[in-house]
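One structure below.
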Amino acid sequence: MRHRSAVLAAALLTLASVPAGAAGSDPDWPCVQILVPALSSGQIWPGDPIEGKEGDWRDIPGTEPVLKQILNRRLDPEQEQAAIDRFADQLEANGATTDRNAALTALFAGAFDALNQERSQAIAAIRRYAHQQRTLLDSIDAALTRLQALPADSPEAAALREDITWRRRILDERRRNQTALCEQPVQLEQKAGRIARNIAARLE
């Protein structure tokens with residue numbers, strides 16, 4: 001009994017980072033960060049509304065490579081800003097002052113839409129991950145229950161203990177990976193806000 005309780009208690013530590021409120025509202029959300037299913041452009045973008053403009057960038061020459069560049073997660077904030085500034089400078093050099101705001105708005109609309117979709121995919125992946133964690137915990141609990149019914153020195157008990165140890169290693173490794181997964185939606189939200197500020201700074 002003591003062995004079963006100790007093993008189960010150790011396994012349950014993988015969910016120690018789940019806030020009580022978050023676990024109660026969504027059992028498949030294991031992150032300490034509050035779940036925000038989708039971003040709102042109005043909270044970070046001071047320019048014209050972007051609803052319905054997500055694909056406008058396709059009609060503006062030179063926008064696609066800039067959009068791809070600023071969406072690159074490997075790009076540091078300074079490189080993002082430099083890419084946006086080059087795009088805005090080119091628009092200004094073309095003398096299209098009237099269309100400049102529309103082009104910059106289209107760039108943000110495309111970036112925001114892509115980041116929101118990527119963020120939604122990250123959230124869905126976290127939920128699947130949490131569900132798999134619970135399934136693994138349940139399988140360990142079931143194995144511990146079976147273990148108690150076996151003679152301690154039997155070959156079956158030894159094999160089951162080895163299986164439980166293996167499952168716990170997987171659980172511990174997944175717990176370590178969970179921290180990085182939970183950061184992804186936050187990082188994408190921060191990137192969207194940063195891009196919004198940099199583009200908005202070049203609006204007329």
Within the chain: Cβ-based charge dipole about Cα centre, in debye rounded to nearest 20 (Lys, Arg +1; Asp, Glu -1): 960
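Over the chain, consider all pairs of different Cα atoms and compute the Kirkwood hydrodynamic radius from their mean reciprocal separation; express it in Å, one decimal. Could you put the intermediate results ahead of the total?
On the way: mean 1/r = 0.0497 Å⁻¹.
Averaging 1/r across every pair of different Cα atoms and inverting gives 20.1 Å.
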Where labels lie 7 Å past Cα in the beta-carbon direction, separation of Asp113 and Gln69 in nm: 2.2
Choice from Gly55, Gly95, Gly110 with maximal GNM fluctuation in the chain (Cα, 10 Å cutoff): Gly95
Calculated FRET efficiency for the pair Asp59/Asp89, C-beta based, R₀ 25 Å, to 0.05: 0.75
Radius 15 Å from Cβ of Glu78, net charge of other residues (Lys, Arg +1; Asp, Glu -1): +3
Relative contact order, percent, the chain [alpha-carbon distance under 8 Å, six or more residues apart]: 33
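Net charge near Glu183: determine it from the other residues with C-beta under 15 Å of the C-beta of Glu183, scoring Lys and Arg +1 and Asp and Glu -1. Mind showing how you got there, number by number?
Values: positive: Arg73, Arg119, Arg175, Arg176, Lys191; negative: Glu118, Glu189.
Neighbourhood net charge equals +3.
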Using θ = phi - 60° and Karplus 6.51 cos²θ - 1.76 cosθ + 1.60, couplings along region 81-93 (whole Hz; Gly, Pro as x): 5, 4, 5, 5, 5, 4, 5, 5, 5, 5, 4, 5, 5
Amide hydrogen neighbours beyond the local backbone of Gly62, cut-off 5 Å, H modeled: none
Two-site FRET efficiency, Asp26 against Asp76, from Cβ-Cβ distance with R₀ of 45 Å, rounded to 0.05: 0.85
Between 0 and 90°, nearest 10: helix 2-12 axis offset from the chain longest Cα axis: 10
Sites Asp99 and His131 - FRET efficiency at Förster radius 35 Å, r taken between beta-carbons, to 0.05: 0.15
Calculated from backbone phi, Karplus (6.51, -1.76, 1.60) coupling profile of region 108-116 in Hz, x at Gly/Pro: 5, 4, x, 5, 5, 4, 5, 5, 5
Gain in span if fully extended, Val36 to Ala152, counting 0.36 nm per residue against the direct Cα distance: 36.9 nm
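FYI, it's all coordinate maths here, none of it is from the lab. Worth saying up front: this structure is predicted, and the values here are computed from it rather than measured. All Cβ positions, even for glycine, are placed from backbone atoms using ideal geometry, and neighbour counts span all protein chains on display.
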